[in-house]
Amino acid sequence: MSFENEAIKAIIEHFNAKQQQVADVLAGPRREGWFNAESFVALNAISTCDTFTVYGEQCYSNIPECLTSRRIPDLVGYVSEKKVAFLIEAKLLFRRDNETKRRKLLHRLVTQLQEGKQRCPKVPVVGLLHLACLSSDPTNHKRKGANRKVEAGVRITPDRFCKKIAGEIEAELKEFNPVWLQSPRMLTQQDTGQPTSFAYPSVHVWFGIGAIAI
């Protein structure tokens, strides 16, 4: 198994074991940084001198064998002090995000992946997608005459949300022949979701992960 596949497998197992905490975090303010920090914890839990070590938010200018840049990728894996194993850039996407916001976030992720590949052309660069659906997500409406017509896309099922995101990022990365390390899928049970552990806000949360490499 490649190092980037090992990394994504460990991240998925980590979040799968913490579904209650994930649901509680997602019910609050948007916290993409929390997911990056937990991914860092997951990877360091399996890293050894014989596999790989991980650094969080290390500037490209400090990464051996990579072209200098001041920008900072989310996670960097090494197989030694001088050889990079993989780069990971992550984004947190909510079903409730409107189309403009969602496309902006995906475009930003694609830009980061492209830059990572330019800076480290021989290294797998992975886009990690954290996907969230809440039972409190609003149904978007638009007026059509005297009636209100439901606009598809906001309250689609969690599975359809995963497929939608997969299609959109595949289209953005088409020229790079991307490979799915993990097709976007929900970790949470589809029928009920994971309820929050507190009374307010009392919502059910569906959380999923996808990982694509170029």
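Tabulated results
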| quantity | calculated |
| --- | --- |
| Sparsely packed trypsin sites (Lys or Arg not before Pro) within the range 94-125, loop by DSSP, other Cβ within 10 Å at most 10 | K122 |
| Computed log₁₀ I(q)/I(0) - Debye formula, equal Cα scatterers, no solvent, the range 154-214, q 0.25 Å⁻¹ | -1.01 |
| Of every Cα-Cα pair in the chain, the percent that sits beyond 27 Å | 33 |
| Unit charges at the beta carbon, dipole of the chain: most positive-side option, A27, T188, L113 | A27 |
| All aspartates and glutamates inside 15 Å of K83 as judged from Cα atoms, apart from same-chain residues fewer than 8 positions distant | E4, D50, E65 |
| Amide proton proximity set for D74, modelled H, under 5 Å, gap of 5+ | I88, A90 |
| GNM top mover of G127, G167, G116 - the chain, alpha-carbon springs below 10 Å | G167 |
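Bear in mind these aren't lab numbers, they're just calculated from the coordinates by the rules spelled out. The shown structure was predicted, so the numbers you read here are calculated from the model rather than taken from an experiment. We place every Cβ from the backbone using ideal geometry, glycine too, and count neighbours over all the protein chains shown.
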